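Peer 1: A single structure is presented below for examination.
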Amino acid sequence: MTAVEDTEIIALYWARSEEAIRQTQLQYGRYLYAIAQRILHCNADAEECVNDTYLGAWNAMPPQRPARLRAFLGAIARHIALDRFDRNRAGKRSSAAMILEEFAECIPDRAAPVADRLIWEETVNRFLASLDQKTRTVFVRRYWYLCPVRQIARSMGLTESCVKVMLHRTRNRFRDYLGKEGISV
Amino acid sequence: MNGKEWLQAFGSIDPQYIEEADPTVPVPAWAIRRRVLRLAARIAACLCLVTVIGMLVLTVPFPVKHQDLSAYKDSPYYALMQSMDHYNGRPQYRNLLDLICRRYFKARTLGSGPDTTYSGDGSAEPAADASPSDPVFSVPTVRLGSYLYYADGCCLKVYRYGRGSLPLLYSCEAEEFAGYGPGRAQLLPDEQKGQLIMLFSWSDPDGQPGGSRTSLITYDLSDPARPRRTGTAITVSGAIQHARLTDGTVTMVCAYTPAGADYSDPQTFVPGFDSGTGWNILPAEHILFPDEACSDSYSVVVSLNTASSEITSIQAFYASEGQPIVTNDRLLIPRLVAGKGGTVDTELLIFSFGDGASLSGTVHLYGELRHLSGSDDPEEPFFAVTQTEQITPFSQAYQYRIRAYQIDPAACLISKEAEYAPFESLDDCHVFRCGNRLFLSFSLNLDYSFVFLDLSTQESDSGQSSDIFFSSTGEKNEAAHATELYFTEYYHMLFHDNQFLMTAKDTPEGLLLTAWTPGPDGTMNAEELLLEGIRWRDRGKIKMDLTVSEIHAACIEACAEEDRSKEFLLLICHDGSSFFLPAQEQLGSMEKPDLIMFTDTEIYLTDAEGQIIVQPLYAP
């Protein structure tokens with residue numbers, strides 16, 4: 001997808017044209033479905049989540065005019081999927097639950113001064129910026145896209161054990177980084 | 001912040017990182033390369049593992065199956081049985097790899113070359129004029145005055161000798177041996193006592209225990225035209241290899257291979273003799289054997305006084321292999337013994353002749369014997385060439401090494417180890433001497449190259465020196481580098497003696513005959529003769545070679561160039577300076593000439609029916 005095409009889709013949203021939904025479905029339907037599916041592990045829920053994403057995008061544009069439509073839509077889909085996951089998970093163990101367990105040692109406690117989402121976002125982005133591209137890609141794929149370790153390893157030409165070691169070390173670095181930033185975990 | 005809040009908060013990271021890590025984008029080339037490399041590494045590792053396991057399986061030594069000989073502990077032949085069991089019990093192949101290499105690889109390389117198996121019937125010895133003062137060696141044909149005696153199996157034939165014809169005068173068959181054949185026979189003339197000795201090797205068709213036997217039959221020559229059989233002095237185990245007569249004592253060497261060893265019956269594996277008192281096996285103290293034998297044949301050496309028929313000595317040497325060498329004053333019997341690391345070495349038993357043959361010394365040579373030669377000059381050394389065969393531990397490839405030995409008359413090894421062709425096996429190997437120069441010639445088995453080496457020069461004319469060295473281990477120290485003088489494509493070896501070598505080679509024009517003689521300056525003199533329209537028959541054989549009156553001859557199978565199905569025998573003669581051929585060149589459809597003898601103008605052949613054919617020789 002080129003930037004020009006993204007601009008056209010955003011323009012359609014701003015023009016309140018239903019063609020915007022159709023173009024979004026064509027261009028990003030599978031991408032959004034994959035994100036939702038990885039979190040929910042249910043086809044029907046994932047489909048519903050994707051439809052809610054289109055609605056979310058319709059409501060968000062205007063006023064928003066995202067510079068990166070792909071990431072913008074992905075973030076909406078992920079947010080909706082996590083909400084649904086929270087409702088559904090009663091006693092179920094999913095990949096998202098496993099990832100939360102994995103990341104437990106890096107989750108700031110409730111008393112930490114991260115109530116301000118902006119401070120948290122900046123901290124996380126600074127940390128991501130400090131990583132090399134390969135480590136960052138592995139980290140984001142695991143904790144943003146919630147991809148299985150095996151899939152990450154295959155797509156990046158690494159072994160599973162290598163990916164696990166990279167994630168473990170990055171989590172430790174992240175925990176240390178949060179400590180340096182004054183955020184207790 | 002709880003887990004869900006954290007996940008939600010993490011969802012708002014910089015979009016560029018989200019796009020950067022998008023798992024739906026195609027796998028980058030470097031990741032594919034890495035995946036392929038990893039796959040290749042895994043395949044290579046698997047192959048290595050399979051190879052290592054395979055080599056382990058292939059190189060596991062085959063088990064040695066020794067018999068339990070404890071039941072024969074009290075037998076006087078117990079030590080001999082142990083030595084025999086070492087040979088009989090060892091596996092035919094060292095391991096599975098050895099089996100595969102020998103059955104498939106080696107058979108293929110050897111089979112593609114010409115078959116130079118000697119298929120003569122023992123007529124490679126000259127017809128000799130008897131001389132009472134010198135030792136007389138056994139030959140198939142003896143000429144005494146105007147009579148020619150020829151041992152055709154157990155039948156003694158008498159011809160009148162004359163140019164242009166050989167009329168058969170008399171034929172006398174040893175009746176008790178009729179049907180025992182085809183036997184090999186040799187003759188020894190004893191002019192002092194006016195008798196002729198025939199040594200006839202036979203095997204009983206009904207099968208006596210222990211293989212072939214040789215009988216010494218005497219004929220009275222009071223009437224030289226009609227010999228009269230006077231008796232059978234002795235019968236011994238084995239087939240005749242050599243015999244000599246001097247001062248009324250016959251010494252003969254027989255090769256004996258037991259047909260099958262049944263340790264409960266010594267008759268099946270111990271050689272014996274019958275001197276008129278029935279069959280007796282040799283006492284254990286008359287049998288010499290190595291601790292670990294590498295061959296199952298005996299050489300039986302018997303000395304007999306022809307006047308009294310008394311046995312002056314009889315000995316058997318176990319594990320002997322190959323042709324013994326007999327000169328005026330010495331007898332050399334090679335035998336195979338176990339070397340270091342599972343290799344096979346050669347031990348030369350050296351006998352001196354006095355009242356019979358007595359063992360005067362032994363010499364240990366590394367490797368299997370490929371050549372052994374000596375001369376009648378008592379001051380001249382013997383020469384031996386051996387080849388070792390080893391499997392290299394890592395590559396598991398066969399490694400061959402040739403060694404040339406010079407053995408002085410006192411059985412002392414004075415020079416040794418010219419090493420050559422470490423990865424190739426040899427054929428047609430021999431040593432010959434010219435003046436102070438020593439030459440080694442051989443053909444390499446893999447590419448059929450033919451090599452002459454001068455073991456006595458520092459450098460060749462071309463200045464190209466090989467890695468051969470000739471070092472001394474004794475007092476005489478005449479170290480010299482060897483030099484490769486000639487190296488070319490395959491020549492078929494036709495004939496060689498200590499100072500002469502005759503080869504044949506197919507060329508587009510025809511069969512090229514070459515007579516090689518080493519010159520005093522270290523070069524090989526080559527005299528050539530091209531026989532147009534003739535070529536060496538595929539896988540052709542050398543039927544026989546012999547020397548008579550300084551004329552060297554070889555009889556080979558050949559075929560016509562334009563029609564290779566048209567095969568014939570070809571006789572080639574050379575007197576040291578010129579080639580000679582029979583008038584017809586081709587010997588027609590004869591399967592094998594049973595006898596060849598010739599003068600400087602004629603050759604005499606016996607055909608399959610025993611008829612003698614006389615053909616004139618001419619210089620082409």
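The values are calculated or read from the model by the stated rules, or taken from the named source; none is laboratory data. Just so it is clear, the model here is predicted, and its values are computed rather than measured. With ideal geometry, Cβ positions are generated from the backbone for all residues, glycine too; neighbour counts draw on all protein chains shown. Accessible surface areas use protein heavy atoms only, side chains included; no ligands, DNA or RNA. Shrake-Rupley method; radii C 1.70, N 1.55, O 1.52, S 1.80 Å.
Peer 1: With a ≥ b ≥ c taken as the square roots of the eigenvalues of the C-alpha gyration tensor of chain A, please select rounded if a/c is under 1.5 and otherwise prolate if a/b is larger than b/c or oblate if it is not? Working shown, then result.
Peer 2: Working: a/c = 1.67, a/b = 1.53, b/c = 1.09.
It comes out prolate by the Cα gyration axes.
Peer 1: Which of the helices in chain A, when you take each full DSSP H run, stretch at least 18 Å along the axis at their Cα atoms and have an average Kyte-Doolittle score of 0.0 or higher? Kindly include the intermediate steps, with their values, before the conclusion.
Peer 2: On the way: long enough: A:19-40 (28 Å, -0.26); A:43-60 (25 Å, -0.56); A:69-88 (28 Å, 0.05); A:117-130 (20 Å, -0.07); A:160-180 (30 Å, -0.93).
Span-like helices here: A:69-88.
Peer 1: List the residues, sorted by chain then number, that are 5 or more residues from B:Glu321 or on another chain and whose placed amide H is less than 5 Å from its amide H.
Peer 2: Close amide H contacts, sequence-distant or interchain: B:Arg335, B:Leu336.
Peer 1: Separate question: Averaged over peptide A:150-159, how many Cβ atoms belonging to another chain are found within 10 Å of each residue's Cβ?
Peer 2: If you average over the peptide's residues, the count of other-chain Cβ atoms is 4.
Peer 1: With r as the distance between the Cβ atoms of B:Asp291 and B:Val52 and R0 = 60 Å, compute the FRET efficiency 1/(1 + (r/R0)^6) and round to 0.05.
Peer 2: Numbers: r = 36 Å, r/R0 = 0.60.
It comes out at approximately 0.95.
Peer 1: Additional query: Tally Lys/Arg at +1 and Asp/Glu at -1 over every other residue whose Cβ is under 12 Å from the Cβ of A:Gln23; what's the total? Could you put the intermediate results ahead of the total?
Peer 2: Numbers: positive: A:Arg22; negative: A:Glu5, A:Asp6, A:Glu8, A:Glu18, A:Glu19.
In short, -4.
Peer 1: OK, next. Give me the number: length gained by fully extending B:Asp74 to B:Glu20, i.e. 0.36 nm times residue separation minus the C-alpha to C-alpha distance, one decimal in nm. Write out the running numbers ahead of the final one.
Peer 2: Working: separation 54, 0.36 × 54 = 19.44 nm, distance 9.20 nm.
The B:Asp74-B:Glu20 span can extend by a further 10.2 nm.
Peer 1: Another one. Filter the trypsin sites (Lys or Arg not before Pro) in segment A:1-80 to those in DSSP coil with at most 16 other Cβ atoms within 10 Å of their Cβ, and list the result. All intermediate terms of the calculation are to be shown ahead of the outcome.
Peer 2: On the way: sites: A:Arg16, A:Arg22, A:Arg30, A:Arg38, A:Arg68, A:Arg70, A:Arg78; in loops: A:Arg16, A:Arg68.
Passing both the DSSP loop test and the Cβ count: A:Arg16, A:Arg68.
Peer 1: Next question. What distance in nm separates the simple spin-label points at B:Leu169 and B:Arg33, each placed 7 Å from Cα in the Cβ direction?
Peer 2: With each label placed 7 Å out from Cα toward Cβ, I get 9.7 nm.
Peer 1: Measure off 7 Å from each Cα along the Cα-to-Cβ vector at B:Ala526 and A:Arg150, then give the distance between these two points in nanometres to one decimal.
Peer 2: Going from the B:Ala526 label point to the A:Arg150 one covers 7.3 nm.
Peer 1: How many angstrom separate the Cα center of segment B:321-385 from the Cα center of segment B:29-47?
Peer 2: A separation of 61 Å, based on Cα centres.
Peer 1: Shape call for segment B:1-66 from the C-alpha gyration tensor, a ≥ b ≥ c root eigenvalues: rounded (a/c under 1.5), prolate (a/b greater than b/c) or oblate? Please list the in-between numbers first.
Peer 2: Values: a/c = 10.26, a/b = 3.08, b/c = 3.33.
It is oblate, given that a/c is not under 1.5 and a/b is not larger than b/c.
Peer 1: Sticking with this structure for a sec: What residues qualify as long-range amide H neighbours of B:Gly361, i.e. H under 5 Å apart, gap of 5 or more or another chain, H built at 1.01 Å from N?
Peer 2: Excluding prolines and chain starts, which carry no amide H, the hits are B:Ile350.
Peer 1: How far is the Cα center of segment A:1-75 from the Cα center of segment B:61-101, in Å?
Peer 2: Distance between centres, Cα-based: 86 Å.
Peer 1: Which whole number gives the average count of other chain Cβ atoms within 10 Å of the Cβ atoms across peptide B:20-30? The partial results should precede the final answer.
Peer 2: On the way: counts 7, 15, 11, 15, 8, 2, 1, 4, 3, 1, 2.
So the per-residue partner count for this stretch is 6.
Peer 1: Label-point separation (nm) for B:Ala225 and B:Arg160, each offset 7 Å from Cα along Cα-to-Cβ?
Peer 2: 0.7
Peer 1: Under a point-charge model restricted to the Cβ atoms of Lys and Arg (+1) and Asp and Glu (-1), what is the dipole moment magnitude of segment B:234-354 relative to its Cα centre, in debye to the nearest 20?
Peer 2: Numbers: 4 positive and 13 negative charges, 63 e Å.
Using only the charged Cβ atoms, the result is roughly 300 debye.
Peer 1: Now a separate question. Putting +1 on Lys and Arg Cβ atoms and -1 on Asp and Glu Cβ atoms, find which of B:Ser375, B:Thr277, B:Gly322 reaches farthest to the positive end of the dipole of segment B:236-380.
Peer 2: The Cα lying farthest towards the positive end belongs to B:Gly322.
Peer 1: Taking a probe of 1.4 Å and counting only protein heavy atoms, give the total accessible area buried between chains A and B in Å², rounded to the nearest 100.
Peer 2: Values: alone 11010 and 29070 Å², together 36400 Å².
Summing both chains' loss of accessible area gives about 3700 Å².
Peer 1: Give, as a single signed number, the net charge of other residues whose beta carbon lies under 10 Å from the beta carbon of B:Tyr149, with Lys and Arg counted +1 and Asp and Glu -1. Working shown, then result.
Peer 2: Values: positive: B:Arg143, B:Lys157; negative: none.
Around B:Tyr149, the surrounding residues sum to +2.
Peer 1: In whole Å, what is the distance between the alpha-carbon centres of segment A:150-185 and segment B:146-160?
Peer 2: Distance between centres, Cα-based: 104 Å.
Peer 1: Go ahead and run the numbers for FRET between A:Arg175 and B:Ala44, Cβ-Cβ distance against an R0 of 41 Å, rounding to 0.05.
Peer 2: Numbers: r = 40 Å, r/R0 = 0.98.
With R0 = 41 Å, the Cβ-Cβ based efficiency is 0.55.
Peer 1: For B:Asn95, list long-range residues whose amide hydrogen, built 1.01 Å from N in the peptide plane, is under 5 Å from its own amide hydrogen.
Peer 2: Those lying under 5 Å, H to H, from B:Asn95 are B:Phe62.
Peer 1: As an exercise, use a Förster radius of 22 Å and the Cβ-Cβ distance of A:Ala129 and A:Cys42 to find the FRET efficiency, rounded to the nearest 0.05. Intermediate results must be reported in sequence, preceding the final value.
Peer 2: On the way: r = 35 Å, r/R0 = 1.58.
The calculated FRET efficiency here is 0.05.
Peer 1: Tally Lys/Arg at +1 and Asp/Glu at -1 over every other residue whose Cβ is under 10 Å from the Cβ of B:Thr235; what's the total?
Peer 2: Surrounding charge for B:Thr235 is 0.
Peer 1: Separate question: Through the Karplus equation 6.51 cos²θ - 1.76 cosθ + 1.60, θ set to phi - 60°, convert the phi angles of segment B:252-257 into ³J(HN,Hα) values in whole Hz; use x for Gly and Pro.
Peer 2: Taking θ as phi minus 60°, the curve returns 10, 10, 10, 9, 10, 10 Hz for segment B:252-257.
Peer 1: At 0.36 nm per residue, minus the direct Cα-Cα distance, what do B:Gln267 and B:Asn280 gain on full extension? Give it in nm, one decimal, please. Kindly include the intermediate steps, with their values, before the conclusion.
Peer 2: On the way: separation 13, 0.36 × 13 = 4.68 nm, distance 0.86 nm.
That works out to 3.8 nm of additional length.
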